[in-house]
Amino acid sequence: MNKRGFTLVELLATIVLLSIISVISYVSISSVIKKNKVNNCRNLIKSIEGASREYVSDNRYNYTNRDDKVITAEDLFRGNYLKNEIMDPFTNEKVNSENVKIIISLKSDYTMEKIQIKGYDFFENNCNLG
């Protein structure tokens with residue numbers, strides 16, 4: 001009996017086993033990456049909301065009525081409320097801060113009641129997994 005190498009069946013079984021392991025790994029790794037992108041998106045929204053709250057707090061006496069106010073992310077950059085450029089968490093492309101519209105509803109004491117961020121799909125979809 002000659003025992004010099006692997007048989008064809010042994011090689012095929014090894015290839016099948018490695019393929020199954022790689023598919024399982026790919027599925028779990030891709031779901032972790034997607035969850036990470038969603039978390040980055042939600043953190044980005046939270047930082048824009050926090051910067052907007054500071055902006056409204058510092059500028060609330062400039063408002064003459066309580067109608068919704070529209071500011072851009074560029075306004076937040078100019079006032080040093082946001083420090084970093086806004087990056088799309090799903091494509092890693094730089095977002096034009098002039099296109100990010102932040103709609104703020106004020107309470108009677110001119111504090112922020114509600115905020116909406118518009119201009120890019122990931123803001124309007126609230127960074128959901130779907």
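The values are calculated or read from the model by the stated rules, or taken from the named source; none is laboratory data. The structure presented is a predicted model; accordingly, all values stated were derived computationally and were not measured. Cβ placement follows ideal geometry from the backbone for every residue including glycine, while neighbour counts extend to all protein chains displayed. Please note that ligands, DNA and RNA were not included when accessible areas were found on the heavy atoms of the full protein model with its side chains. Shrake-Rupley method; radii C 1.70, N 1.55, O 1.52, S 1.80 Å.
Do any residues in segment 90-112 that are at positive phi have Cβ atoms under 8 Å from those of residues that are assigned to a loop (DSSP other than H, G, I, E, B) and open to solvent by 60 Å² or more (accessible area, probe 1.4 Å), where the two are at least six apart or on different chains, and which pairs are they?
Tyr110/Arg66
Can you tell me which residues in segment 62-95 are charged (D, E, K, R) and part of a helix (DSSP H, G or I)?
Glu74, Asp75, Arg78
Here are some conditions: (1) in a loop (DSSP other than H, G, I, E, B); (2) at pLDDT below 85. Ser57 meets all but one. Which one does it not meet?
(1)
Filter segment 96-117 down to the residues that are open to solvent by 50 Å² or more (accessible area, probe 1.4 Å), among the polar types (S, T, N, Q) and assigned to a loop (DSSP other than H, G, I, E, B) and list them by number.
Within segment 96-117, Asn96, Asn99, Ser108 qualify.
Can you work out which of the residues in segment 63-79 that are at pLDDT 85 or above and closer than 28 Å to Val38 by Cβ is most open to solvent (accessible area, probe 1.4 Å)?
If we take residues in segment 63-79 being at pLDDT 85 or above and closer than 28 Å to Val38 by Cβ, then Val70 is most open to solvent (accessible area, probe 1.4 Å).
Counting only residues that are more than 20 Å from Asp121 (Cα to Cα), of a type in the set (S, T, N, Q) and over 16 Å from the mean Cα position of the chain (by Cα), which one in segment 31-62 is most open to solvent (accessible area, probe 1.4 Å)?
Of everything passing the filter in segment 31-62, Asn62 is most open to solvent (accessible area, probe 1.4 Å).
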